[in-house]
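Data first, discussion second: the structure below is written as structure tokens.
The values are calculated or read from the model by the stated rules, or taken from the named source; none is laboratory data. Fair warning: this is a prediction, and the values are worked out from it, not measured in the lab. Counting neighbours? That spans all protein chains shown, and the Cβs are built from the backbone with ideal geometry, glycine included.
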Amino acid sequence: MPRPLGELEDAVMSRVWEWNRPVTVREVLEDLRRERSIAYTTVMTVLDNLHQKGWVRREQEGRAYRYEAISTRAAYSAALMNDAWAESDNAAAALVAFFGMMSAEQTEALRDALRVVDVAGVTLGARQEPAERGAPPASEEVPEERPEEAPEEGAEGEAPEGEGEDTRR
């Protein structure tokens, strides 16, 4: 089961997912500072922790790292929903209760998703074992990969002299 992201991890990952490109600590910091007071080193530590947990990959560019999401928010949300459902002692009742809580927009999104599954020829309930579909075991949360993007050129995002320099590998 993927462990739910903490509040600050989620705030950082939300930006990484939304921007859908490699980002620097400085870029995330500047955006987060619109909402709260936060130190460069705090954002750097959160991104380093997310890297160690397998949520982001990083590439060094000059003195700074650029971080990119390994998973999508949709894959993260789906894994959390699947795990919560799997923990229920009555899966059918859990689904009925869940459907009863859905808004009209969510109900339409569910119908759209079922149409996509139908068009793709996916049979509901025909879940393959992870090894059969080339995926990691269900206990690991390694959502779909996105193609590598080349980092933007320039020294943008580097920390000022002596501030938050990250020399770890």
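Taking Arg58 as the residue in question, decide whether it is free of Cβ contacts under 8 Å to residues at least 12 places away in the same chain and in contact with a helix residue (DSSP H, G or I) (Cβ under 8 Å, 6 or more places away or on another chain). Walk me through it before giving the result.
Numbers: free of Cβ contacts under 8 Å to residues at least 12 places away in the same chain: yes; in contact with a helix residue (DSSP H, G or I) (Cβ under 8 Å, 6 or more places away or on another chain): yes.
Criteria met by Arg58.
Part of a helix (DSSP H, G or I) and within 14 Å of the chain's Cα centre (by Cα), is that true of Ala79?
Against the criterion (part of a helix (DSSP H, G or I) and within 14 Å of the chain's Cα centre (by Cα)), Ala79 qualifies.
Taking only pairs six or more apart or across chains, which ones have beta-carbon atoms under 9 Å, a first residue in the stretch 84-108 that is among the β-branched types (Val, Ile, Thr), and a second residue that is assigned to a helix (DSSP H, G or I) and surrounded by 10 or more Cβ atoms within 10 Å (Cβ to Cβ)?
Every condition considered, the pairs that remain are Thr107/Phe99.
Every residue in the stretch 1-30 that is basic (Lys, Arg), touching a residue at least 60 places away in the same chain (Cβ under 8 Å) and in a helix (DSSP H, G or I), please.
The one that is basic (Lys, Arg), touching a residue at least 60 places away in the same chain (Cβ under 8 Å) and in a helix (DSSP H, G or I): Arg26.
Please pick out the residue among Arg58, Arg36 that is loosely packed, with under 11 Cβ neighbours inside 10 Å, in the same structural domain as Pro4 (by TED's automatic domain parsing) and under 23 Å from the mean Cα position of the chain (by Cα).
Just a single option satisfies the conditions, and that option is Arg36.
Looking only at residues in the stretch 1-23 that are β-branched (Val, Ile, Thr) and under 17 Å from Glu59 (Cα atoms), which one is surrounded by the fewest Cβ atoms within 10 Å (Cβ to Cβ)?
Checked the stretch 1-23; the qualifying residue surrounded by the fewest Cβ atoms within 10 Å (Cβ to Cβ) is Val16.
Let me confirm something: among Arg26, Arg66, which residue is more than 19 Å from the chain's Cα centre (by Cα) and surrounded by 18 or more Cβ atoms within 10 Å (Cβ to Cβ)?
So the residue among Arg26, Arg66 that is more than 19 Å from the chain's Cα centre (by Cα) and surrounded by 18 or more Cβ atoms within 10 Å (Cβ to Cβ) is Arg26.
I need every pair where a residue in the stretch 31-44 that is in contact (Cβ under 8 Å) with a residue 60 or more places away in the chain has its Cβ under 6 Å from the Cβ of a residue that is β-branched (Val, Ile, Thr) and surrounded by 19 or more Cβ atoms within 10 Å (Cβ to Cβ), sequence separation at least 6 or different chains.
Matching pairs, first to second residue: Met44/Val25.
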